[in-house]
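> Take this structure, written in structure tokens, and hold onto it; I'll ask about it next.
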Amino acid sequence: MADPSSYRPKPGQIPDSPGVYKFRDEHRRVIYVGKAKNLRQRLANYFQDLAGLHPRTRTMVTTAASVEWTVVSTEVEALQLEYTWIKEFDPRFNVKYRDDKSYPYLAVTLNEDFPRVQVMRGAKKKGVRYFGPYGHAWAIRETVDLMLRVFPVRTCSAGVFKNAERTGRPCLLGYIGKCSAPCVGRVTPEEHRDLAEDFCDFMAGRTGTYIRRLEKDMMQAAEEMEYERAARLRDDAEALKRAMEKSAVVLADATDADLIAVAEDELEAAVQIFHVRGGRVRGQRGWVTDKVEAVDTAGLVEHALQQLYGEESGDSVPKEVLVPALPEDPEAVSQWLAGRRGSQVSLRIPQRGDKKDLMGTVQRNAQQALGLHKTKRASDLTTRSRALEEIAEALGLDTAPLRVECFDISHLQGDDVVASMVVFEDGLARKSEYRRFQIKGFEGQDDVRSMHEVIGRRFKRYLQEKERTGEWEETPAPTGPVPAPAGGVAPAGPAAALAGGVRPTGPGPAPAGGAEASGEPAPQAAAPAQAEAGPVREEPREDDGRPKRFAYPPQLVVVDGGQPQVAAAKRALDELGIDDIAVCGLAKRLEEVWLPDDDDPVVLPRSSEGLYLLQRIRDEAHRFAITYQRAKRAKRIRSSPLDDVPGLGETRKQALIKHFGSVKRLRQATIDEICEVPGIGRRTAESVAVALAAAAPAAPAVNTATGEIIEEDDGGSRT
């Protein structure tokens, strides 16, 4: 690992003009390429205190051994040179998009004497006109089959073409009128090229001219009583219309635009592009990339534009490019795109109307692509095995953690504090094992204390399950009476088993320092589920053969947080005497892995499958916790004073509200008036009156902005 100060240039050596810079490692390999309006200011950012750098940037500058730069005249030249160097050197720390699939294109080989229409994949060739990309090759073939009626361009391979030339007989398409048969001289090379050019014009969106021309010729043929020719022209026009119908109209007819959307997380990003030509979606493609450098959405968009248009020219670059965020220097990027196209290009964010709606569709496709990529990556057995091995190696575990439990705390400004527990076995989510907790030990916001409470409650239940199922190994009891702990309280549960000479086969509480050893009574084994883990399903019976809710211990406990949360989780396990379960924390800001009693975090490589799995587990715990917290908060907001009336169900509550119109009027009613509601007896009416009187507000609420009295709605909550 190199010290950046060892190769830092002197400030006076770096020019303050636009340019492109390269970082090289000790083997002189280019590891990063970047551009800047002001090289001196940009490079100074890399040579500050390492603690202030983003982790990815810190890794890059400590891997590098030298830096060099090239001065250019304008920012547009810098953009072009940056793209050229990224393509040439393939730096490891630059974002590189990779196709999430191989997309087929409809290609017209205008570089040949007799242009050919075909399906092509892979790198683009010079002199070939491309349309698409398409989602499926069969979609291209269907479109081409319809259009060959009107534009009978050659589609055969070079071998078939030469054989037809040699024998003087065209192929089947030549006989049925779907090829003009230039191989046998039915049309001249110039006439065939004109057909290919017309085919390209139609595919580029200039469709109205050809259809109107066919319809005009059809009417003229009908007037001249050439009915067969008129019927053929009619069928040709219908074929072109069917080909057009395969692309949905989404924007105005004259719109040529590309829409780019980005979906990202801390480690990866997915880009989706919709190609709109003539107001119709003509193609779609997507990329997925690892975020190997510290880059935001604007930076991802700029990289996507470079890769998408770096080797394009002319009409391949549309008049309008719609993006979710503008690059750092939008004017320079617009000028660069205009140079590629040969005319002005509009680069902007859609704000309203059809274009914004279509951008939403592209964004949803990007989110789906990222989710699908993650699902495919997580479902691969080899990848999951490698991820678990990397986690074991990084955390110093003896074996791979086949069962991992992750805990997260969620609240809204200290209210409705809840926690989640998610379980992954063999790298896959085990949703039937998920649990959720309500924090009961205290009020207010304290994530560290909440984490300690949740971990303690979860593993107390684990110890109780082991005791109840008899997973304790008996040893000869010591002679003499068993001493009682201070306070005269006899040991209970697992602590009593330890004191009586019975030791657990698995992790168990220590005889001193734990909750039971200090005289605190352990919860009863048959306590209801609400007592320990919040609103989860009831405990199954012992003889039903199903595994109990907290019967299995994990090999690894992951907490969402940094060093304080990890210390709280480890302290909870120590208090229960459990010392064979590993604990770590994943801090979201920098994706650092924290271990107990370590002052420095473990930094897994950005491309590590182990880090990806830990991140996925942490994100799932966060999702599960925040879903529960929102549901709990929504239920509290929708609560009514009538909820506290014993024996009053939802049907009779609705009957009361319907009869009186609001909770406020119900509160003002007498007991006799309440009894008039069908289904409400006198005892229930008295209970309703008492509950509403107890919940009555001390004074009316006032809107401080308008001075109006805030009335109560039908559900009893203020509006």
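> Give the accessible area for M218 in Å² (nearest 10); use a 1.4 Å probe, count only protein heavy atoms, and leave out ligands, DNA and RNA.
50
> Hey, can you rank 421-427, 594-600, 683-689 by average C-beta count inside 10 Å, highest first?
Top to bottom by mean Cβ count within 10 Å: 421-427, 683-689, 594-600.
> Now for a separate question. Over 13 Å, how big is the tail of the calculated P(r) for segment 382-453, in percent of all Cα pairs? Each step should come with its number before you reach the end.
Values: 1742 of 2556 pairs.
The answer is 68 percent, as a whole percent.
> Follow-up question, since we're still on this one. Semi-axes of the equivalent ellipsoid of segment 340-472: what are they in whole Å, largest first, if each equals the square root of 5 times a C-alpha gyration tensor eigenvalue? Spell out each step's value before the answer.
Details: eigenvalues 369, 125, 36 Å².
For segment 340-472, the ellipsoid semi-axes come out as 43, 25, 13 Å.
> For E142, E268, what's the largest-to-smallest order of accessible area, 1.4 Å probe?
E142, E268
> Can you give me the orientation-averaged projected area of the convex hull built on the Cα atoms of segment 278-432, in nm²?
Numbers: hull surface 58.8 nm².
Its average projected convex-hull area is 14.7 nm².
> Report the gain in length on full extension from V602 to N38: 0.36 nm times residue separation, minus Cα-Cα distance, nm rounded to one decimal.
So the chain would gain 199.5 nm between V602 and N38.
> So if I average 1/r over every pair of distinct C-alpha atoms in segment 549-698 and take the inverse, what Kirkwood radius in Å does that give?
Mean inverse Cα-Cα distance, inverted, gives 20.0 Å.
> For segment 298-337, give the percent of accessible area contributed by carbon and sulfur heavy atoms, probe 1.4 Å, rounded to a whole number.
Summing carbon and sulfur atoms, their accessible area is 42 percent of the total for segment 298-337.
> Rank-order 615-626, 314-325 by packing density, defined as the average count of other C-beta atoms within 10 Å over each peptide's residues, highest first.
615-626, 314-325
> Let me ask something additional. Size of the dipole of segment 335-404 about the Cα centre, Lys and Arg at +1 and Asp and Glu at -1 on the beta carbon, nothing else charged, in debye to 20?
Taking the Cα centre of segment 335-404 as origin, the dipole is about 640 debye.
> Then there is this: What are the principal axis extents of the Cα atoms in segment 141-226, in Å, biggest first?
42, 33, 25
> In segment 550-601, what trypsin sites (Lys or Arg not before Pro) fall in a loop by DSSP, with at most 16 other Cβ atoms inside 10 Å? Before the final figure, lay out the partial values.
Values: sites: K570, R571, K588, R589; in loops: K588, R589.
The qualifying sites are K588, R589.
> Any idea of T155's accessible area? Nearest 10 Å², probe 1.4 Å.
40
> When ranked by the protection proxy of mean other Cβ atoms within 10 Å per residue, highest first, what sequence do the peptides 123-129, 401-407 form?
Ranked by mean Cβ neighbours within 10 Å, highest first: 401-407, 123-129.
> Sticking with this structure for a sec: State the Cα centre-to-centre distance between segment 17-78 and segment 354-371 in whole Å.
34
> Now for a separate question. Tell me, what is the 1.4 Å probe accessible area of W85, in Å² to the nearest 10?
30
> Please compare each pair in K87/K588; K10/K35; K319/K356; K125/K356 to a cut-off of 24 Å on the Cα-Cα distance and tell me which ones are over it. Intermediate results must be reported in sequence, preceding the final value.
Values: K87/K588 32 Å; K10/K35 19 Å; K319/K356 17 Å; K125/K356 34 Å.
Result: K87/K588; K125/K356 exceed 24 Å.
The values are calculated or read from the model by the stated rules, or taken from the named source; none is laboratory data. Not measured: the values here are computed from a predicted model. Glycine also receives a Cβ, built like all others from the backbone with ideal geometry; neighbour counts cover every protein chain displayed. Surface areas here come from the heavy atoms of the whole protein model, side chains and all, with no ligands, DNA or RNA. Shrake-Rupley method; radii C 1.70, N 1.55, O 1.52, S 1.80 Å.
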